[in-house]
Amino acid sequence: MWRAISCSRLVPALLAPQTVQVQILSRHRHACNLGTAAGDLIALVSVRYGNGPFHLVVPDALFTAITLDTIVTWRDGALHFTQGCLTLAATALWDPQLPHLHRPVTTAQVALFANLLHDHGPSPLIQGDGPLQQRAGQAIASLNAGIRRNSLAEIEQGAFALAGLGPGLTPAGDDFLVGLLAALHSNQSRYANNLMTTQQLCTHIAQVAMVRTTKLSGAWLRYAGQGYFGEPWHDLIDALNDGGKNTMEQAVWRILQSGASSGADALTGFLAACALFP
């Protein structure tokens with residue numbers, strides 16, 4: 001028997017029925033994505049990836065016991081499979097709700113993040129002048145203009161064009177939107193829109209985009225639209241509220257280490273949205 005290290009507070013509700021079979025959608029070295037009959041995604045991840053809105057953080061040894069053919073069943077507060085079970089009993093619950101910023105992101109902080117992003121390597125959305133960059137540039141311009149001008153049509157046009165843009169399980173355009181949504185949620189008190197609240201705007205952007213991309217990326221967008229983000233984004237907002245340069249650099253680097261370019265794409269979206277606030 002294995003015991004989960006931590007669990008998003010949202011996950012138990014996804015496994016609410018007393019007994020339910022869970023499908024293995026994909027298996028990786030440090031993660032295993034499960035799908036419920038209701039279409040929800042649950043990710044078993046190692047401490048390398050950490051907490052997320054639909055994550056169960058589990059011991060590394062668990063991944064050697066699961067293959068794509070493994071039958072997984074949820075019953076009696078545990079995930080049961082051929083080689084044993086994973087219990088959620090006495091597991092710490094983690095809250096994925098993103099904190100709010102206590103003050104605006106400063107010009108100096110934006111410059112620090114931009115320098116770290118440059119050192120890491122820029123997002124493929126803005127590097128070069130090929131078809132990907134041209135389409136991304138037009139979509140980002142439309143999205144930014146829509147948010148500035150309170151134009152729902154432009155917002156939808158931008159989100160629609162970015163959704164699923166680029167290769168990978170979480171395409172670059174989706175990662176950009178997740179970062180942008182993190183900035184909108186954390187800056188709610190500074191966002192003024194006579195069309196809708198910040199929450200309604202974020203939910204709408206996510207709903208436009210999530211149906212046009214992969215299942216995994218769609219899950220990240222869905223939760224981001226509701227204000228739920230992975231642990232690295234919490235670390236970033238906490239660091240910004242604390243004001244310490246070293247902690248901010250550490251938080252940014254943790255985001256940048258996500259995927260081949262996912263972190264760079266998301267941080268680019270975050271910085272783009274921060275530029276929209278006076």
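The values are calculated or read from the model by the stated rules, or taken from the named source; none is laboratory data. The structure presented is a predicted model; accordingly, all values stated were derived computationally and were not measured. Heads up, the Cβs are rebuilt from the backbone with ideal geometry, glycines too, and the neighbour counts pull from every protein chain shown. Side chains are part of the model used for accessible areas, which takes the heavy atoms of the whole protein and leaves out ligands, DNA and RNA. Shrake-Rupley method; radii C 1.70, N 1.55, O 1.52, S 1.80 Å.
Apolar share of the accessible surface for the stretch 47-118: 57 percent from carbon plus sulfur atoms, 1.4 Å probe. Based on alpha-carbon centroids, what's the gap between the stretch 117-156 and the stretch 45-75 in Å, whole number please? So the separation of the two Cα centres works out to 34 Å. Sorted into 5 angstrom bins from 0, the C-alpha pair distances of the chain split as 1, 6, 12, 17, 18, 16, 13, 8, 6, 3, 1, 0 percent. Amide H to amide H distances under 5 Å link VAL22 with VAL72, THR73, TRP74, where only residues 5 or more positions off or on other chains count and H is placed in the peptide plane.
When the solvent-accessible area of the stretch 125-278 is split by element, carbon and sulfur atoms take up 52 percent of it, the probe being 1.4 Å.
Would you kindly calculate the mean projected area, averaged across all directions, of the convex hull enclosing the Cα atoms of the stretch 177-253, in square nanometres?
Result: a mean projected hull area of 5.4 nm².
Quick one: net charge around THR91, please, counting Lys, Arg +1 and Asp, Glu -1 for every other residue with C-beta under 13 Å from its C-beta. Walk me through the intermediate numbers first.
Values: positive: ARG3, ARG9; negative: none.
Once positives and negatives cancel, what remains is +2.
Surface analysis of the chain yields an accessible area of 44 Å² per residue, using protein heavy atoms and a 1.4 Å probe. Look at the dipole of the chain built from charges on Cβ: of VAL47, LEU125, VAL22, the Cα furthest out on the positive end belongs to VAL22.
Tell me, what are the semi-axes, in whole angstrom and largest first, of the equivalent ellipsoid of the stretch 137-220 as set by the roots of 5 times the Cα gyration tensor eigenvalues? Don't jump to the answer; show the numbers that get you there.
Working: eigenvalues 86, 36, 21 Å².
Over the Cα atoms of the stretch 137-220, the ellipsoid semi-axes are 21, 13, 10 Å.
Of all DSSP bridge pairs formed entirely within the chain, close to 75 percent run antiparallel.
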